[in-house]
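One structure below.
The values are calculated or read from the model by the stated rules, or taken from the named source; none is laboratory data. Fair warning: this is a prediction, and the values are worked out from it, not measured in the lab. All Cβ positions, glycine included, derive from the backbone under ideal geometry; neighbour counts span all protein chains shown. When the accessible area is computed, the model is the full protein with side chains, heavy atoms only, and any ligands, DNA or RNA have been set aside. Shrake-Rupley method; radii C 1.70, N 1.55, O 1.52, S 1.80 Å.
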Amino acid sequence: DLPGTRFPDQGNRHLQSESEPHESYNSDPPTSGPHLPYIAPWGVHTRPIARELQVHNLEDGGVVIQYNCECPELVERLRALVQKYDKYVILAPYPPMKHRIALTAWTRLETLDDFDEKRITRFIAAYRGVDHHKR
């Protein structure tokens with residue numbers, strides 16, 4: 001009964017650069033797969049985060065909240081929510097997606113067309129801080 005749609009795990013291979021060829025991700029935004037060997041800073045971003053970078057944040061237990069709209073009121077509500085967390089949550093724009101909001105965690109994706117604080121906080125609570133490094 002975990003939130004979001006589950007996608008098959010595409011592994012956690014490290015890439016040397018964002019442009020290094022790799023298999024296509026099985027979700028958009030991505031939920032697992034090849035990624036850069038470092039993470040994006042936690043918190044609020046005003047520019048899109050490369051797919052190959054955000055995947056490493058997911059592997060490290062992060063939840064990435066992304067939006068695709070010219071909607072300052074929605075972005076402000078998302079920003080206020082994300083700022084409640086000191087670590088393991090990111091907010092960033094993601095222009096190519098079809099929905100207004102996407103929540104991603106390792107192998108999980110939930111999309112929304114409107115702000116729903118209950119669903120967003122449930123998703124964060126379920127996945128935030130859960131490490132996915134292969135042992």
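Annotations
- Within the stretch 77-99, residues that are closer than 22 Å to HIS56 by Cβ reach no partner that is hydroxyl-bearing (Ser, Thr, Tyr) and modelled with pLDDT under 95 with beta carbons closer than 6 Å at six or more positions or on different chains.
- Within the stretch 49-67, residues that are free of Cβ contacts under 8 Å to residues at least 60 places away in the same chain have Cβ atoms under 8 Å from residues that are assigned to a helix (DSSP H, G or I) and open to solvent by 10 Å² or more (accessible area, probe 1.4 Å) in these pairs: TYR67/LEU74; TYR67/VAL75, counting only partners at least 6 apart in sequence or on another chain.
- Looking only at residues of the stretch 18-36 that are in contact with a Gly (Cβ under 8 Å, 6 or more places away or on another chain) and surrounded by 11 or more Cβ atoms within 10 Å (Cβ to Cβ), we find that the one that is farthest from VAL63 (Cα to Cα) is HIS22.
- Considering the stretch 114-135, the residues that are open to solvent by less than 80 Å² (accessible area, probe 1.4 Å) and part of a loop (DSSP other than H, G, I, E, B) include one that is nearest to LEU78 (Cα to Cα), namely PHE115.
- Residue tally, condition in contact (Cβ under 8 Å) with a residue 24 or more places away in the chain, β-branched (Val, Ile, Thr) and surrounded by 15 or more Cβ atoms within 10 Å (Cβ to Cβ), over the stretch 37-48: 1
- Pairs with Cβ under 8 Å, 6+ apart, first in the stretch 114-127 and in contact (Cβ under 8 Å) with a residue 24 or more places away in the chain, second among the acidic types (Asp, Glu): ARG119/GLU110; PHE123/GLU110
- Test for LEU78: is it crowded, with 17+ Cβ neighbours inside 10 Å, touching a Ser or Thr at 6+ places or on another chain (Cβ under 8 Å) and not aromatic (Phe, Trp, Tyr): no
- Taken together, GLN83, GLN66, GLN54, GLN10 contain a single residue that is open to solvent by 60 Å² or more (accessible area, probe 1.4 Å), modelled with pLDDT of 95 or more and not aliphatic (A, V, I, L, M), which is GLN83.
- Filter result (open to solvent by less than 10 Å² (accessible area, probe 1.4 Å), in contact with a Pro (Cβ under 9 Å, 6 or more places away or on another chain) and not small (Gly, Ala, Ser)) within the stretch 95-105: LEU103, THR104
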